[in-house]
Amino acid sequence: MVAVAILAAGRGTRMKSDLPKVLHRLGGRSLVEWILTNVQDIHPIRQLVIVGYRSNLVTDALTNLQDLDQALPQLEFVEQPEQLGTGHAVQQLIPYLQGFDGDLLVLNGDVPLLRPQTLKQMLQVHQERQNAATILAAQMPDPSGLGRVFCDQENILQEIVEDRDCTPTQKQNCRINAGIYCFRWADLARVLPKLTTNNDQQEYYITDAVNYLQPVTVVDVEDYQEVLGINDRKQLADAYTVLQTRIKDDWMRKGVTLVDPNSITIDDTVELEPDVVIEPQTHLRGKTRICSGSQIGPGSLIENSQIGRQVTVFYSVVTDSAIAEGTRVGPYAHLRGHTETGSACRIGNFVELKNTKLGDRTNVAHLSYLGDTTAGSQVNVGAGTITANYDGVKKHPTVIGDRSKTGSNSVLVAPITIGEDVNIAAGSTITEDVPNDCLVIARSRQIVKPGWRLKANGGR
Ligand code: UD1
Ligand code: CA
């Protein structure tokens with residue numbers, strides 16, 4: 001029986017930000033969302049989040065979170081009104097966990113890269129040895145600022161000493177406290193009231209609680225990058241690099257080609273099929289899925305979008321949209337606002353599609369804006385066609401029937417319905433519905449005045 005508590009009350013002074021540190025984003029998730037994601041696999045029976053600095057921002061952000069496992073228990077928010085240290089944060093749990101008879105996993109809210117597998121291993125050691133506490137440690141190339149862990153030969157903890165309380169000799173130790181702890185709650189609850197502020201920062205330290213307990217086993221993490229803490233913007237950027245390397249290596253192993261991985265970024269929420277090719281300077285974000293055989297980039301941004309098989313997108317931006325099999329997009333196209341294309345469409349240069357649905361084999365090849373439009377299949381939208389969908393107050397729909405063709409530079413003033421098999425003459429401004437199967441011309445006739453010439457001094 002494991003409950004989880006996340007320490008998320010601190011301001012994060014070194015971030016130099018109004019936003020609580022745990023709400024800063026690392027790829028597709030905030031830091032605290034990462035922690036919650038990482039603990040899902042251990043199926044906690046309770047999830048407590050200790051909030052303090054601008055707590056309403058943190059609770060709102062987490063309450064709005066949809067993608068966590070619905071089967072897991074509701075988050076419980078525990079207020080730490082003043083932030084007097086990590087030990088003080090954990091003391092706030094006492095009234096919430098009265099009579100709780102299991103283990104409590106405590107995680108710093110600023111250590112987001114921990115692998116779920118590592119947490120499982122730590123829990124296993126904790127439970128097998130029936131420890132009072134088990135903590136994670138790592139050999140850090142640069143341990144400055146971090147608590148140092150001292151053990152005996154059997155990895156039994158002797159002491160954790162904070163960096164600023166270390167002697168020069170103690171500072172030489174590169175084995176650091178990761179800020180991830182597993183406690184038998186009954187034992188922790190017993191020592192929590194004993195904490196003092198007798199240290200350089202004059203704060204209550206959770207590490208002192210660990211020091212009071214026995215026995216405490218130290219589990220070393222092989223890959224120190226898993227326990228990188230984020231205290232400032234530089235560390236946030238370093239963590240992003242680590243995360244990106246992990247995500248991209250993983251997709252390459254699964255059969256995705258990344259041409260120049262260093263210039264590509266991929267959120268961990270993205271899904272790719274084998275034989276997808278991602279070209280340089282391309283960014284895949286949010287809930288994006290790309291099917292086999294598609295080639296994205298160079299120079300594209302795809303966000304929260306579904307891309308079918310054999311699609312090509314280059315130098316284009318696609319957000320909140322869906323592109324069906326075999327469609328070609330770009331260069332310089334922008335699909336947004338729940339646009340859906342059919343299969344084998346062609347969306348070309350300088351085309352913007354907003355909340356627009358296209359049937360199969362429909363082309364919008366040059367210089368167009370279609371907003372709130374439903375076009376059928378095999379429609380040809382001529383160069384420069386614009387839907388005037390906004391009357392200054394409301395947006396209105398445009399419908400274009402199958403196989404219709406709009407001439408270059410036509411304006412379709414919405415709300416409007418164009419039938420099937422319609423031809424619209426170039427330069428037309430269409431303001432009334434058009435029936436099926438016709439040619440429509442809506443422009444003034446050309447006038448030619450033979451022999452007309454401008455005289456040099458004052459008219460003809
Ligand atoms: C802490 C550890 C240190 C460890 C390091 C690992 C202590 C005393 N030190 O130091 O041994 O090496 O993490 O990254 O614990 N928080 C609260 N309430 C508070 C203070 C902090 O909820 O009153 C939260 C913060 O939001 C943060 C976490 O606790 O998520 C850690 O706090 P931070 O100040 O970053 O601790 P470190 O100095 O990094
Ligand atoms: Ca920290």
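The values are calculated or read from the model by the stated rules, or taken from the named source; none is laboratory data. Keep in mind the model is a prediction, meaning the values are calculated, not measured. Because the Cβ atoms are built from the backbone with ideal geometry, glycine has one as well, and the counts that use them run over all protein chains shown. Accessible surface is based on the protein model in full, side chains and every heavy atom, while ligands, DNA and RNA are left aside. Shrake-Rupley method; radii C 1.70, N 1.55, O 1.52, S 1.80 Å.
Give the accessible surface of region 140-282 per residue, rounded to a whole number of Å², with probe radius 1.4 Å and ligands, DNA and RNA excluded.
Values: 7000 Å² over 143 residues.
On a per-residue basis, 49 Å².
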Query raised in the report: Rounded to the nearest 10 Å², what accessible area does Met1 show when all protein chains are kept and the probe is 1.4 Å?
Result: 120 Å²
Query raised in the report: Going down the table (Lys287/Lys405; Lys171/Lys194; Lys21/Lys234; Lys287/Lys395; Lys248/Lys354; Lys354/Lys405), which pairs top 24 Å between alpha carbons?
Result: Lys287/Lys405; Lys171/Lys194; Lys287/Lys395; Lys248/Lys354
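For the chain, give the magnitude of the charge dipole about the Cα centre (Cβ charges: +1 Lys/Arg, -1 Asp/Glu; no others), in debye to the nearest 20. Show your work: numbers first, answer last.
Working: 44 positive and 53 negative charges, 515 e Å.
Its charge dipole is roughly 2480 debye.
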Requested in this report: Run the numbers on the chain and let me know its relative contact order in percent, using alpha-carbon pairs under 8 Å that are six or more apart.
Outcome: 8 percent
Query raised in the report: At Gln158 and Cys174, where each label point lies 7 Å from the Cα along Cα→Cβ, what is the point-to-point distance in nanometres?
Result: 2.0 nm
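From Cα pairs below 8 angstrom and at least 6 apart in sequence, can you work out the relative contact order of region 377-460, rounded to a whole percent? Show your work: numbers first, answer last.
Numbers: 188 pairs, mean separation 18.8, N = 84.
Worked out over region 377-460, it gives 22 percent.
With the cut-off at 1.5 for a/c, could you classify region 22-145 from its C-alpha gyration tensor as rounded, prolate or oblate? Don't jump to the answer; show the numbers that get you there.
Working: a/c = 1.25, a/b = 1.15, b/c = 1.09.
Rounded shape, in that the Cα axes give a/c under 1.5.
When DSSP beta bridges are limited to those with both residues in the chain, what percentage is antiparallel, rounded to the nearest 5? Mind showing how you got there, number by number?
Values: 20 of 103 bridges.
Rounded to the nearest five, the antiparallel share is 20 percent.
Express in nm, to one decimal, how much length is gained between Thr417 and Leu57 on full extension, taking 0.36 nm for each residue of separation and deducting their alpha carbon distance. Kindly include the intermediate steps, with their values, before the conclusion.
Values: separation 360, 0.36 × 360 = 129.60 nm, distance 4.60 nm.
In short, 125.0 nm is gained.
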Query - Lys405 - accessible surface, heavy atoms, 1.4 Å probe, Å² rounded to 10 - result: 100 Å²
Requested in this report: Assign unit charges at the C-beta atoms only (+1 for Lys and Arg, -1 for Asp and Glu), then state the dipole size of region 2-233 relative to its Cα centre in Debye, rounded to the nearest 20.
Outcome: 320 debye
Query - Sequence ranges 416-423, 205-212, ranked by mean other-Cβ count within 10 angstrom, highest first - result: 205-212, 416-423
Query raised in the report: In whole Å, how far is the Cα centre of region 197-257 from that of region 396-424?
Result: 58 Å
Query raised in the report: Of the heavy-atom accessible surface of the chain (probe 1.4 angstrom), what whole percent is carbon and sulfur?
Result: 47 percent
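Compute, for region 316-460, the length of the dipole vector about the Cα centre, with Cβ point charges of +1 (Lys, Arg) and -1 (Asp, Glu) only. Units Debye, rounded to 20. Present the calculation step by step, with values, prior to reporting the outcome.
Numbers: 16 positive and 13 negative charges, 215 e Å.
Approximately 1040 debye in magnitude.
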Query - Cut-off 15 Å (backbone N to label point 7 Å along Cα→Cβ of Asp220), residues of region 154-188 - result: 154-158, 173-178
Query raised in the report: Normalised by the number of residues in region 2-233, what is the relative contact order in percent for Cα pairs under 8 Å and 6+ residues apart?
Result: 25 percent
Query raised in the report: For the residue pair Asp238 and Thr197, what label-to-label distance in nm results when each label sits 7 Å from Cα along the Cα-to-beta-carbon direction?
Result: 3.0 nm
Report task. With all protein chains present, calculate the accessible area of Arg443 using a 1.4 Å probe and round the result to the nearest 10 Å². Result -> 130 Å²
**Report entry** Solvent-accessible ranking of Glu432, Glu325, largest area first, probe 1.4 Å
**Finding:** Glu432, Glu325
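Quick one: ranking Phe100, Phe314 by accessible area, 1.4 Å probe, largest first, what do you get?
Details: Phe100 25, Phe314 80 Å².
Sorted descending by solvent-accessible area, the residues read Phe314, Phe100.
Among 330-340, 368-378, what's the highest-first ranking by average C-beta atoms within 10 angstrom per residue?
Numbers: 330-340: 19.5, 368-378: 21.8.
Listed from highest to lowest mean packing, they are 368-378, 330-340.
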Report summary line: Note to self, the chain gives a 222 nm [θ] from helices alone (DSSP H runs n ≥ 4, -39500 (n - 2.57) apiece, / all residues, nearest 500) of -5000 deg cm²/dmol
